[in-house]
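Heads up, the thing below is written out as structure tokens.
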Amino acid sequence: MSKTCCQIFHSSIFKKTIVALTGLIMIGFVFVHMLGNLQIFAGAGPSVDSTKINAYAALLKSQPLILWGSRLFLLLTVATHVLMTISLTQANRESRPQPYQMRKTYASAASRMMIFGGLTLLFYIVYHILHFTTGSVHSDLFSRHDVYSNVVLSFQNPVIVLVYVVAQIALFGHLYHGTVSVFQTLGFYRPSHIALIKAAGITLALVICAGFISIPVSVYFGLVS
């Protein structure tokens with residue numbers, strides 16, 4: 001029994017399933033996170049506490065058990081996703097020690113894009129946490145109880161805006177390819193469904209990334225102040 005379980009855990013099918021499931025969790029998170037961030041467009045209230053996005057942040061902080069439980073679960077999800085992806089990449093390379101004669105295929109290009117996009121997002125996530133969660137970077141623009149002010153002051157800086165926009169471009173490719181891969185891995189990828197699945201992947205990626213990009217761009221051009 002233990003040998004069978006060990007074989008299952010080390011199989012590519014199991015690893016691909018874990019990558020797909022953790023990918024779904026992360027897609028759900030970024031969508032909900034995007035919706036929460038869009039409250040910046042409600043503008044500043046009469047006071048710091050009455051500003052909608054600040055009230056939303058205060059509500060989250062008022063439930064530390066749920067907040068930190070969610071953060072730890074998400075961190076574990078991201079770590080598992082990365083480790084399983086690395087393991088699959090290494091296994092694919094070991095099974096094909098000789099490089100393909102035709103390397104410029106869609107599959108290899110998409111795979112390389114996912115790796116570089118994933119690394120870009122990993123660095124961005126660390127930067128984003130240090131920026132808006134802990135205030136360790138851009139500390140002169142950080143107020144622990146005024147998220148609205150943090151966002152408005154930060155995105156008046158073109159360099160910070162550029163970092164966030166580039167990150168969303170990387171996220172777009174990751175979301176699109178990841179969504180299609182999830183359906184394929186979980187067995188929903190049928191010839192008759194290919195066009196629909198790809199359209200759904202592009203739509204989802206566009207909605208999420210456009211939502212995120214709209215915030216720094218709107219602040220920078222004075223639409224939110």
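Every number here is computed from the coordinates shown, using simple stated rules; none is lab data. What you see is a predicted model; the values in this text were computed from it and never measured. Note that we place each Cβ from the backbone using ideal geometry, even for glycine, and neighbour counts take in every protein chain shown.
Any chance you could give the angle, 0 to 90 degrees and rounded to 10, that helix 12-37 forms with the longest Cα principal axis of the chain?
Long axis of 12-37 versus the principal axis of the chain: about 20 degrees.
Could you work out [θ]222 nm for the chain from helices alone, using -39500 (n - 2.57) per DSSP H run of at least four and dividing by all its residues? Round to the nearest 500 deg cm²/dmol.
-25000 deg cm²/dmol
Arrange the peptides 24-36, 141-153, 164-176 so that the one whose residues have, on average, the most other Cβ atoms within 10 Å appears first.
164-176, 141-153, 24-36
For the chain, what mean projected area does the convex hull of the alpha carbons give, in nm²?
That works out to 15.9 nm².
For the chain, find the longest principal axis of its Cα atoms and tell me its angle to the long axis of helix 194-220, 0 to 90°, nearest 10.
In the chain, helix 194-220 runs at an angle near 30 degrees to the longest axis.
How high is the relative contact order of the chain, in percent, with contacts defined as C-alpha pairs under 8 Å that are six or more residues apart?
28 percent
For helix 64-95, what angle does its Cα long axis make with the longest principal axis of the chain, in degrees from 0 to 90 and rounded to 10?
That helix lies at roughly 30 degrees to the long axis.
Taking 10 °C and 1.306 mPa s as the conditions, I'd like the Stokes-Einstein D for region 157-225 in µm²/s, using the Kirkwood hydrodynamic radius from alpha carbon pairs.
After rounding, the answer is 120 µm²/s.
Positive end of the dipole of the chain, charges at C-beta (+1 Lys, Arg; -1 Asp, Glu), about the Cα centre: which of PRO191, LEU35, LEU65 has its Cα farthest in that direction?
After comparing all options, I get PRO191.
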